[in-house]
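Here the structure comes first, spelled out in structure tokens, and everything after it is commentary.
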Protein chains: 2
Amino acid sequence: MKRTAYFISDGTGITAETLGNSLLTQFENIDFEEITLPYVDTVEKAQQTVERINKSCEEDGGAAIVFDTIVNEEIRALISASNGFKIDVFSTFLKPLERELNSKSTYTVGKSHAINEVDRYRARIESVNFALDNDDGARTKQYQHADIILVGVSRSGKTPTCLYLALQFGIRAANYPLTPEDMEAPDIPEILKQHRHKLYGLTIDAFHLAAIRNERRPNSRYSSLDQCDFETRTVERYFKQNRIGFIDTTNASIEEISTRIMADGGLTRRIV
Amino acid sequence: MKRTAYFISDGTGITAETLGNSLLTQFENIDFEEITLPYVDTVEKAQQTVERINKSCEEDGGAAIVFDTIVNEEIRALISASNGFKIDVFSTFLKPLERELNSKSTYTVGKSHAINEVDRYRARIESVNFALDNDDGARTKQYQHADIILVGVSRSGKTPTCLYLALQFGIRAANYPLTPEDMEAPDIPEILKQHRHKLYGLTIDAFHLAAIRNERRPNSRYSSLDQCDFETRTVERYFKQNRIGFIDTTNASIEEISTRIMADGGLTRRIV
């Protein structure tokens, strides 16, 4: 069975999309076509949206599922009149919250965000710059300013994770690639030793690592299954020996890896 | 008035946090302390969480607001018994959805995500690598593979935006810094010309640009308000003359900049 799902907002649509996607993944036997429509903020766009929803309903032979976080009442009323099955995210929860908090809501998406937007933007830029400057062991002098230092073998996912931590949470994340030589040494590298409490390890299934490395350097020793198997076994033993917490990234999403690192490392977000 | 808000999940907590934060920003006169607790997936952790919630209720003199997306029934029942004011995100919407879809939900957070996790992870890594390889005009040979090419003056936010587009949407985003020389030339640079339809501009308030540049190169001509004012005025005229769509990033969040670029550029996410 196929159904179309719409995530509609007069803002970015991220809240509607995040919630809607989480809910729809609970229905395994239905094939959803998911469409995000952000910035539906004029009567004209609302009318086009309604036409689109109604067309989906006809084509699918079942109501389209419509998640909305529209603030503007006129726009919301227009969308309400579509033939879709409507999940009005804000109204549903704001009324009970208003009672509990004994306070009227402004019903303005991201209003408080806007106030701190400049600070937030700069905090993000700073942490992204930190991640880029301290990527791949390129520079180690700023490690005292790092919130966390990810360690792992080449291509185990350190860079994307550092960038996600920076963008999503404003965390200053450095990363250092462990070479086979590093792991054969009797102790952890001097530069890391003094920041031992900030270290966190990433590991990955050897087969997946080989596939990822093959895209960069096809048919090399570096990307051979043998070498990847050797490195991943060695690095996991290394993490255990040196009591470095670590996570296997093979079947995890970047969201999951990052939130686990935050939780395990006792880190709190620098931006909200 | 102060209240504590908890975003609790046995997964990453991202859905609870995104929705909860959007709802709470509607209450401007209340000072919320927001606490995300991901991976509450054991009875022990649930009991600790309940103690923490109850302590907040006592200290605040008002119920803590608890948003949860807990799947495990035993854990959910434990959290329900706390003194917090509970917003059960999944239960609220899944029942009406089950009726409409005439289908039982698996009530398993991110289950369908897990299935595609490896592909999704690799798509993200590929697009992050693309953004890093094609950052700051470093390489231009891959522009034919780009989904979008961001242009703007130095430090107008191109790199973080490219990385966000890569991580969040799997979009291959390159960026090219426009120098004063580029903008004085009678036509746009040759390398960009053939990809004209992929260009998208970023601009920023001169005052903010000067502040950002000053952090990199304090008291330089590059970071002077005069120079920043000149460059931003020139670049905006340049965008208009060359009919390049653009966005002012000054008071926008990275989410907003990115979703606007997606919408204006007619791009669809490569990962869900």
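The values are calculated or read from the model by the stated rules, or taken from the named source; none is laboratory data. A quick note: this is a predicted structure, and the numbers were derived from the prediction, not measured. Every residue, glycine among them, receives a Cβ derived from its backbone with ideal geometry; neighbour counts consider all protein chains shown. Note: accessible area is taken over every heavy atom of the protein model, side chains too, but ligands, DNA and RNA are not part of it. Shrake-Rupley method; radii C 1.70, N 1.55, O 1.52, S 1.80 Å.
Among the residues of segment B:242-261, none qualifies, meaning not one is more than 27 Å from the chain's Cα centre (by Cα) and in contact (Cβ under 8 Å) with a residue 60 or more places away in the chain.
Within the span defined as segment A:178-192, every residue fails to be of a type outside the set (A, V, I, L, M) and within 22 Å of residue B:121 (Cα to Cα).
Among the residues of this structure, residue B:41 does not count as one that is within 13 Å of chain A (Cβ to nearest Cβ) and under 30 Å from residue A:9 (Cβ atoms). Among the residues of segment A:7-24, are any facing chain B (nearest Cβ under 7 Å), touching a helix residue (DSSP H, G or I) at 6+ places or on another chain (Cβ under 9 Å) and at pLDDT 95 or above? No, because not a single residue in segment A:7-24 is facing chain B (nearest Cβ under 7 Å), touching a helix residue (DSSP H, G or I) at 6+ places or on another chain (Cβ under 9 Å) and at pLDDT 95 or above.
Only one of the listed residues (A:74, A:100) is facing chain B (nearest Cβ under 7 Å) and not aromatic (Phe, Trp, Tyr). That residue is A:100.
Within segment B:49-59, can one find any residue that is of a type in the set (A, V, I, L, M), surrounded by fewer than 17 Cβ atoms within 10 Å (Cβ to Cβ) and more than 30 Å from residue A:12 (Cβ to Cβ)?
Within segment B:49-59, none of the residues are of a type in the set (A, V, I, L, M), surrounded by fewer than 17 Cβ atoms within 10 Å (Cβ to Cβ) and more than 30 Å from residue A:12 (Cβ to Cβ).
Exactly one residue out of B:140, B:161, B:179 is out of contact with any strand residue (DSSP E or B) (no Cβ under 9 Å at 6 or more places or on another chain) and among the hydroxyl-bearing types (Ser, Thr, Tyr): that is B:179.
In segment B:17-98, counting only strands (runs of 3 or more DSSP E) that sit wholly within it, the ones holding 3 or more residues that are β-branched (Val, Ile, Thr) and in contact (Cβ under 8 Å) with a residue 12 or more places away in the chain span B:65-69.
Quick check on segment A:100-120. Is at least one of its residues modelled with pLDDT of 85 or more, in contact with a helix residue (DSSP H, G or I) (Cβ under 6 Å, 6 or more places away or on another chain) and of a type in the set (Gly, Ala, Ser)? No: zero hits.
Scanning segment A:220-264 for residues being touching a Phe, Trp or Tyr at 6+ places or on another chain (Cβ under 6 Å) and not in a helix (DSSP H, G or I) gives a total of 2.
Residues checked against (1) charged (D, E, K, R); (2) surrounded by 13 or more Cβ atoms within 10 Å (Cβ to Cβ):
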position: A:195; (1), (2): no, yes
position: A:218; (1), (2): no, no
position: A:223; (1), (2): no, yes
position: A:245; (1), (2): no, no
position: A:269; (1), (2): yes, yes
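Each residue in segment B:125-159 was checked for being within 11 Å of chain A (Cβ to nearest Cβ) and either farther than 19 Å from residue A:161 by Cβ or open to solvent by 10 Å² or more (accessible area, probe 1.4 Å) (or both), and 12 of them qualify. Of all residue pairs spaced 6 or more apart or on separate chains, those with beta-carbon atoms under 7 Å, a first member in segment A:159-187 that is within 28 Å of residue A:253 (Cβ to Cβ) and a second member that is open to solvent by 30 Å² or more (accessible area, probe 1.4 Å) and of a type in the set (Lys, Arg) are A:169/A:269; A:169/A:270; A:170/A:269; A:170/A:270; A:171/A:270.
All conditions in (1) crowded, with 18+ Cβ neighbours inside 10 Å; (2) in contact (Cβ under 8 Å) with a residue 24 or more places away in the chain hold for residue A:236, with the sole exception of (1).
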